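Worksheet: one structure, shown below.
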Amino acid sequence: MPVAFDSTGSSFTVPGAPGVVAGPARAEVPKSSYTVTVPEGGLSSAVGEFLTAYLTGAGEVDRYLAPGVNLTAVSPAPYTAVAVQQVSAVDEAAAAEQVLADGTRVRVLASVEARDATGRWPLAHERTLKARSGRWEVAALASGTAQDGGAR
């Protein structure tokens, strides 16, 4: 439908009748790269504790970050609680029962349920974690693009 604006952009008019056109074709949804199930343990705990601090303000975000990563908690905190439903990974190393050698990186997708005063909200958060000194630390955020790297 055509739309015309005045020179200041403060008003508009529709100079023609709307027309019906076909919508876009349905796109194929790419298969997720997060195919490795991460068992309960150090990695999934680190992800859950970080997301709790990040989304609820309960605890310090900094203690979960790798050196050189600067990230602050969401403020004001939008949720009162976060429960991890599932953690999946791109890398087979993420399924290991113990923390791997320093410098090992894994990309994970955490499916969580966040709660606030109005209800429960399903969320998904992608992160890259790095092993250091026997623990997992958040090394990067990701944005829905594990198939092409995704780290930000």
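Some points to look at:
- Among all positions in region 105-116, there is at least one residue which is under 24 Å from residue 136 (Cα atoms), over 16 Å from the mean Cα position of the chain (by Cα) and not polar (S, T, N, Q).
- Extreme residue, nearest to residue 41 (Cα to Cα), among residues of region 69-86 that are among the small types (Gly, Ala, Ser) and assigned to a loop (DSSP other than H, G, I, E, B): 73
- For residue 99: the one exception among (1) modelled with pLDDT of 90 or more; (2) in contact with a Gly (Cβ under 7 Å, 6 or more places away or on another chain): (1)
- Scanning region 89-120 for residues that are surrounded by fewer than 21 Cβ atoms within 10 Å (Cβ to Cβ) and not in a loop (DSSP other than H, G, I, E, B) yields 92, 93, 95, 105, 111, 113, 114, 115, 116, 119, 120.
- Residues satisfying the stated conditions in region 46-68, i.e. part of a loop (DSSP other than H, G, I, E, B) and over 16 Å from the mean Cα position of the chain (by Cα): 57, 58, 59, 60, 66, 67, 68
- Residue that is surrounded by the fewest Cβ atoms within 10 Å (Cβ to Cβ) [pool: residues in region 55-72 that are modelled with pLDDT of 95 or more and over 17 Å from residue 135 (Cβ atoms)]: 56
The values are calculated or read from the model by the stated rules, or taken from the named source; none is laboratory data. The model shown is predicted, which means the values in this text are computed figures rather than measured ones. All Cβ positions, glycine included, derive from the backbone under ideal geometry; neighbour counts span all protein chains shown.
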